[in-house]
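The values are calculated or read from the model by the stated rules, or taken from the named source; none is laboratory data. Remember, predicted model here, so these are calculated numbers, not experimental data. Cβ sites come from the backbone with ideal geometry, for glycine too, and all protein chains shown count toward neighbours.
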Amino acid sequence: MRILVISDEESPALWDYFDRRRLEGVDLILSAGDLNPEYLSFLVTMGGMPLLYVHGNHDKTYDRRPPEGCDCIDGHVVEFKGYRILGLGGSMKYNESPHQYSERQMKRRISKLERSLKKGGVDILDCEKISREVGALLDEADPIEGSYTFEVSSAGAERPLKRPSDFARFMGSPVTVKLYKAKDGRKEFAGVLAGYDNGDVTVTVGERELTFPKAEVALCRLRVEF
């Protein structure tokens with residue numbers, strides 16, 4: 001999946017000197033705030049793909065003049081092509097303008113969304129909690145000599161595809177295929193998942209369609225393009 005992320009400044013290349021080719025292959029636009037609502041409406045109209053947005057701390061006009069054709073996900077969790085996206089706009093509070101939050105207020109907003117995030121599996125809140133609690137135990141026990149880095153993570157957006165149901169779910173999505181042995185001088189191919197049959201993986205790379213036998217595939221994982 002290809003995602004265009006925009007914020008803060010309107011791009012002349014996408015507005016004043018618009019060329020539709022610049023948006024070719026883009027599946028979704030995410031706006032992180034502080035943009036003219038007419039700019040967002042223009043991108044949706046001309047690009048034809050969904051646009052999800054949150055409020056920036058300068059977006060004082062959105063409430064009375066929201067971007068037409070766009071979806072506000074501020075304070076919501078939405079799903080798009082198998083990916084869950086949490087919308088959390090605003091900034092650290094520095095005056096009394098809208099869409100500004102103290103640290104306590106932001107934590108309260110996150111806690112309200114936690115139930116929506118918890119749909120099975122491991123999410124970023126789980127990783128943060130485990131990292132904090134286990135990290136404190138490691139610091140106290142100090143079981144490892146020398147310096148080290150402790151990191152807790154989940155499979156994330158670029159998760160590996162393992163089961164047939166994984167391949168069926170993400171058919172048509174960008175993937176990276178890694179091989180045990182080099183083929184045509186390469187061990188890694190990036191393309192779009194085009195087929196799966198008893199472990200054989202078919203990927204569209206440019207204008208070519210390549211099929212990699214199960215015995216040759218070391219790993220096939222999702223690939224997020226920004």
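Working carefully through the options Glu9, Glu38, Glu68, find the one that is touching a helix residue (DSSP H, G or I) at 6+ places or on another chain (Cβ under 8 Å), farther than 30 Å from Ala194 by Cβ and of a type in the set (Asp, Glu).
Glu68
Name the residues in the range 10-34 that are of a type in the set (S, T, N, Q) and either assigned to a loop (DSSP other than H, G, I, E, B) or farther than 29 Å from Gly90 by Cβ (or both), would you?
Ser11
Restricting to the range 204-226, name every residue that is part of a strand (DSSP E or B), over 18 Å from Arg163 (Cβ atoms) and at pLDDT 90 or above.
Thr204, Val205, Arg208, Glu209, Leu210, Thr211
Restricting the search to the range 51-71, which residues are touching a strand residue (DSSP E or B) at 6+ places or on another chain (Cβ under 6 Å) and surrounded by 19 or more Cβ atoms within 10 Å (Cβ to Cβ)?
The answer is Leu51, Leu52, Tyr53, Val54, His55, Asn57, Cys70.
Just the residues that are modelled with pLDDT under 65 and among the small types (Gly, Ala, Ser), please, taken from the range 117-163.
The answer is Gly120, Gly121, Ser153, Ser154, Ala155, Gly156, Ala157.
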